[in-house]
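The values are calculated or read from the model by the stated rules, or taken from the named source; none is laboratory data. Note that this is a predicted model, so its numbers are computed, not measured. All Cβ positions, glycine included, derive from the backbone under ideal geometry; neighbour counts span all protein chains shown. Quick note on the areas: whole protein, heavy atoms, side chains included, nothing else; ligands and nucleic acids left out. Shrake-Rupley method; radii C 1.70, N 1.55, O 1.52, S 1.80 Å.
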Amino acid sequence: MHADTDTNTADEDPKDLVRRGYDALSVHYERAFGSETKYAPWTAELLARLAPAPSTVLDVGCGTGVPVARALTEAGHRVVGVDISEVQIARARELVPRAEFVRADATTVTFPPETFDAVVALYTLIHIPIEEQRVLLERISGWLRPGGWFLCATGSGAWTGTDENWLGGGTPMWWSHPDASTTRSWLARVDLAVEHEEFVPEGEGGGHVLFWARRAAR
């Protein structure tokens with residue numbers, strides 16, 4: 001899935017690479033990864049874990065809002081989506097008009113404490129510099145209400161690098177993530193208890209890790 005870092009982009013701001021990559025390949029990404037089908041079981045499980053009463057959910061790295069924000073709003077929940085890509089946010093506002101979408105860097109956006117019943121970050125942390133990921137997890141924990149859920153798909157093994165021709169679309173993309181044990185330890189340190197963890201295979205021998213974590217109830 002990944003290629004080694006190329007000197008053409010080595011000195012560029014990685015967040016700019018991520019933003020431009022999703023701006024350029026928003027539609028192509030959906031077709032390549034089948035996100036609607038892939039995320040559906042996770043979204044269904046999240047709906048089952050949320051209380052019957054309407055909940056408020058934050059989708060960090062929401063993309064086009066499909067299928068996560070769409071499924072949650074259709075079930076009666078309030079959704080706030082955040083994404084760094086202007087194209088992704090513009091499409092999300094059209095595809096999921098009942099949700100609220102904000103174009104922002106997930107590491108700098110702010111919300112009041114204990115605002116959300118759940119936070120979702122599917123393949124989002126892997127596009128954030130490692131030194132900023134632990135801080136973001138701490139902020140996410142603070143945004144969650146006691147007993148709130150955190151659903152996260154992140155890297156399995158440690159790796160940082162760039163693919164100069166992401167998905168064959170002529171646009172570079174950048175990733176950075178520690179191994180799963182490091183992420184697990186970070187979650188524990190910010191009072192997010194991992195209740196379930198599973199390996200998500202992808203490609204030839206590669207894959208990611210899905211974490212279901214919960215903020216301690218008072």
Q) Pick from T160, T171: which is open to solvent by 50 Å² or more (accessible area, probe 1.4 Å), polar (S, T, N, Q) and either touching a residue at least 24 places away in the same chain (Cβ under 8 Å) or touching a Cys at 6+ places or on another chain (Cβ under 6 Å) (or both)? A) T160
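Taking only segment 91-102 into account, find how many residues are open to solvent by 50 Å² or more (accessible area, probe 1.4 Å) and of a type in the set (A, V, I, L, M, F, W, C). Steps first, answer last, please.
Within segment 91-102, the subset open to solvent by 50 Å² or more (accessible area, probe 1.4 Å) is 91, 93-95, 97-98, 100.
Still in the running and of a type in the set (A, V, I, L, M, F, W, C): 95.
So the count comes out to 1.
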Q. When segment 107-138 is examined, which residues are found to be within 17 Å of S85 (Cβ to Cβ) and in a strand (DSSP E or B)?
A. V120, A121, L122
(Q) Looking only at residues that are open to solvent by less than 60 Å² (accessible area, probe 1.4 Å) and at pLDDT 90 or above in segment 1-15, which one is farthest from T160 (Cα to Cα)? (A) K15
Q. G169 is checked against (1) more than 15 Å from the chain's Cα centre (by Cα); (2) on the phi < 0 side of the Ramachandran plot; (3) at pLDDT 95 or above and fails just one. What number does that condition carry?
A. (3)
Q.
Here's a check for you: in segment 103-115, which residue that is under 25 Å from H208 (Cα atoms) and not hydroxyl-bearing (S, T, Y) is most open to solvent (accessible area, probe 1.4 Å)?
A. D105
Q. Which residues, counting only those in segment 180-214, are assigned to a strand (DSSP E or B), open to solvent by 40 Å² or more (accessible area, probe 1.4 Å) and farther than 14 Å from G155 by Cα?
A. A193, V194, E195, H196, R214
(Q) Looking only at segment 64-90, count every residue that is more than 24 Å from P146 (Cβ to Cβ), among the small types (G, A, S) and open to solvent by 10 Å² or more (accessible area, probe 1.4 Å) and tell me the total. (A) 2
